[in-house]
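Each value in this text was obtained by applying a stated rule to the coordinates, not by laboratory testing. Here the structure is a predicted model, which is why all the values come from computation and not from measurement. Backbone-built Cβ (ideal geometry, glycine too); neighbour counts: all protein chains shown.
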Amino acid sequence: MKSNGIKGVIQLILSVVLYFLIDNYLFWLLGKIGIHFTGDLYMIASFVKYLVICLFIYLIYRPQIHSSKNKFVKSLLVSGIFAVGTAVLLVFVNFLLHRLIGTFHVVGGYGFINYFDQAVSINTILSVIINVILIPFIVISIFPLGVSNVIKSPIGAALIAGLLYGLIYALNLHTSIENAFWLTVVPALIMALITYIHKTAQNIWMVYISYILYVGLGTFVLRYFV
């Protein structure tokens with residue numbers, strides 16, 4: 001394996017492990033030493049937690065994130081149009097997949113959070129930032145970018161990214177295997193699709209913007225059209 005391939009594998013393993021351990025065990029570890037968070041403090045602590053994860057992921061993939069941002073800015077109009085189009089496609093695929101799955105298995109919702117019906121508060125604001133900005137940055141950097149560094153085939157990278165993201169997503173649900181499977185199918189397929197798009201566009205910043213718009217647009221559609 002070439003040195004770049006080895007570096008890509010190390011980056012991917014390190015980023016996945018850091019994301020999973022910090023996301024799932026940081027508060028557990030703090031609880032062991034008597035530090036507990038409730039109410040607004042819990043949301044603030046969650047916000048800080050995801051900021052820390054973002055920092056680690058940024059440091060791991062910093063050169064590629066920077067070069068991709070420069071590429072996005074240089075072709076801002078084209079990149080912007082592509083990002084909006086990709087977001088619309090992802091929302092359409094999400095709703096289509098949920099409808100298809102719903103024909104033979106009961107699924108709850110479409111995976112979007114309806115913030116429009118929530119009162120404005122520090123919890124709501126931080127929740128929006130976490131789910132619309134921070135977590136998309138983390139997952140897009142790790143899976144489409146991280147897996148693409150290791151797997152050169154667009155289809156192969158899409159499949160591996162979808163499976164790996166699906167596994168992490170399912171483990172974070174802390175539910176039964178059957179329930180986790182049905183809740184994970186659509187997010188995993190969406191991640192596979194966006195990884196394939198990244199491999200063809202070669203611009204992770206554009207894909208990140210697309211994913212932010214996807215989450216925001218999905219929330220809007222859920223509120224006003226579903």
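Tell me the relative contact order for the chain as a rounded percent, counting alpha carbon contacts under 8 Å between residues six or more apart.
Numbers: 211 pairs, mean separation 69.8, N = 226.
Value for the chain: 31 percent.
For region 200-207, what does the Karplus curve 6.51 cos²θ - 1.76 cosθ + 1.60, with θ = phi - 60°, yield as ³J(HN,Hα) per residue in whole Hz, taken in order and with x for Gly and Pro?
7, 8, 6, 8, 5, 5, 4, 5
What is the calculated FRET efficiency for Leu55 to Asn114, with r their C-beta to C-beta distance and R₀ = 25 Å, to the nearest 0.05? All intermediate terms of the calculation are to be shown ahead of the outcome.
Details: r = 30 Å, r/R0 = 1.19.
Efficiency computed from Cβ-Cβ geometry: 0.25.
Based on the Cα coordinates of the chain, what is the per residue volume of their convex hull in Å³?
Numbers: hull volume 32.5 nm³, N = 226.
Normalising the Cα hull of the chain by residue number yields 144 Å³.
If the convex hull of the alpha-carbon atoms of region 75-115 is projected onto planes in all directions, what is the mean projected area in square nanometres? Could the numbers behind the result be given before it?
On the way: hull surface 14.5 nm².
Mean orientational projected area (region 75-115, Cα hull): 3.6 nm².
For region 160-205, state the semi-axes of the equivalent ellipsoid (square roots of 5 times the eigenvalues of the alpha-carbon gyration tensor), sorted largest first and rounded to whole angstrom.
Working: eigenvalues 119, 15, 9 Å².
Value: 24, 9, 7 Å, ordered largest first.
So if I place +1 on the C-beta of Lys and Arg and -1 on the C-beta of Asp and Glu, and nothing else carries charge, what would the dipole magnitude of region 3-224 be about its Cα centre? I want it in debye, nearest 20.
Numbers: 11 positive and 4 negative charges, 135 e Å.
Computed charge dipole of region 3-224: roughly 640 debye.
Round to the nearest 0.05 the FRET efficiency obtained for Ile6 and Ser75 when R0 = 30 Å and r is the Cβ-Cβ distance. Let's see the in-between values first.
Numbers: r = 32 Å, r/R0 = 1.06.
Efficiency computed from Cβ-Cβ geometry: 0.40.
Each residue of region 119-124 in turn: what ³J(HN,Hα) in whole Hz from Karplus with 6.51, -1.76, 1.60 and θ = phi - 60°, glycine and Pro shown as x?
Going residue by residue, I get 5, 5, 7, 4, 5, 5 Hz, with x marking Gly and Pro.
By counting other Cβ atoms within 10 Å of each Cβ, how are Thr200, Thr103, Thr184 ranked from fewest to most? Write out the running numbers ahead of the final one.
Values: Thr200 9, Thr103 6, Thr184 20.
Going from sparsest to densest Cβ surroundings: Thr103, Thr200, Thr184.
Roughly what would the spin-label model give for Leu167 and Asn24, points 7 Å off Cα along C-beta, in nm?
1.1
So if R0 is 22 Å, what FRET efficiency would Thr38 and Ser176 give, r being the distance between their Cβ atoms, rounded to the nearest 0.05? Each step should come with its number before you reach the end.
Details: r = 28 Å, r/R0 = 1.26.
About 0.20, to the nearest 0.05.
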